[in-house]
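Structure, as structure tokens:
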């Protein structure tokens, strides 16, 4: 969420860097060389699967912990739109802190993982203006919310017109600590992907945040007619903090909802893949394999039939198909798809993905060689 910029930050203008849309600040797998502060625009943090990306807005830090510790970043950072960032090399931080003391507080927050609470001395009582009465038509989140991790947003369901609050994750609270070969990221505190799906408490319509309201008239009508298949799975608890089970049901609702919308195989693949990740976290290997198989089929359909897919997305899809093949013990097809991924012309922005594809291709070839040796031993 954007935060106001103190006036002192203008003293950091000498570190300003202008970025066109798509420009990369740093790649995943490497330590950033600078501590970045977003002065204007938006920066995208992508852990590999574009649908799991988060965006950092004005006033937020990017890559601070990694730049100061030398730890490799688990995400790629790039500009969403024309942006200006302050890029401070670590050796010059003391000068930057002297010019803008508030920057030091932000860096401390980044390491602490939560906003600082600076309490002023108590002051004499003052008259407090009356607060406007709450909107009775708005379904609010009941109970306390950890404001160091979340902030409340509101939405209007395009199907039932229900107005409700839901939780969004503060980008400053996200602390990735590891990543699986199929882009599942593990986090130090909590998993922000649990909140990527917005669920209407009125009719159960569910979708990813970025296209929750983007419905055609035909889709809206189809979702209204089919609300009965969703409402049994959609209690109001989805609007607050979610357990793993609630997160899984939210994705199930989204899959039901997208089935009533215009076909979008890539979005279906992402949701099915995410359900597999949840089963992985739960420890149910059989259920994970079932969802991985469905996700693989959807990724293949997207790769082969989506005429609007970009080269970057096609390369990512080919890599994921190959990786899922290996996870499903199909090294033959896995090697074919991973080799396809390595043949895309990868520029600097895809260098990390190309490296991963090459490494997984070696894994696939190793499995095939071992299978061949085993077959030769049996036939000897």
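Where a number appears in this text, it was derived from the coordinates with a stated rule and is not lab data. Remember, predicted model here, so these are calculated numbers, not experimental data. Reconstructed Cβ throughout: ideal geometry from the backbone, glycine too, with neighbour counts over all protein chains shown.
Some observations on this one:
- Rounded to the nearest 500, the 222 nm mean residue ellipticity of the chain from helices alone is -12500 deg cm²/dmol, with -39,500 (n - 2.57) taken per DSSP H run of at least 4 residues.
- Counted by neighbouring Cβ atoms within 10 Å, the residues 182, 211 run from fewest to most as 211, 182.
- Treating each Cα of the chain as one equal point scatterer and applying the Debye formula with no solvent, the log10 of I(q)/I(0) at q = 0.08, 0.10 Å⁻¹ comes out as -0.49, -0.76.
- The residues 15, 319, when put in order of fewest to most other Cβ atoms within 10 Å, stand as 15, 319.
- Full-stretch length increase - residue 92, residue 186 - with 0.36 nm per residue and alpha-carbon distance subtracted: 30.6 nm
- Taking only the alpha carbons of the stretch 7-112, we obtain Rg and Dmax values of 12.9, 39 Å in that order.
- Contour minus Cα-Cα distance for residue 216 and residue 373 (0.36 nm per residue): 50.9 nm
- By average C-beta atoms within 10 angstrom, highest first, the peptides 272-281, 238-247: 272-281, 238-247
- The stretch 282-380: Rg to Rh, with Rh as the Kirkwood radius over Cα pairs: 1.04
- Of the three principal axes defined by the Cα atoms of the stretch 136-262, the extents in descending order read 43, 39, 24 Å.
- Approximate spin-label separation residue 168-residue 84, in nm, with each point projected 7 Å along Cα-to-Cβ: 2.3 nm
- Ordering of 7-14, 156-163 by packing [mean C-beta count within 10 Å, highest first]: 156-163, 7-14
- Averaged over residues, the count of other Cβ atoms within 10 Å places the peptides 298-306, 16-24 in the sequence 298-306, 16-24, highest first.
- Extension gain for the segment residue 231 to residue 161, taken as residue separation times 0.36 nm less the Cα-Cα distance, is 23.7 nm to one decimal.
- Rough spin-label spacing in nm, given labels placed 7 Å along Cα→Cβ, for residue 33 and residue 69: 2.2 nm
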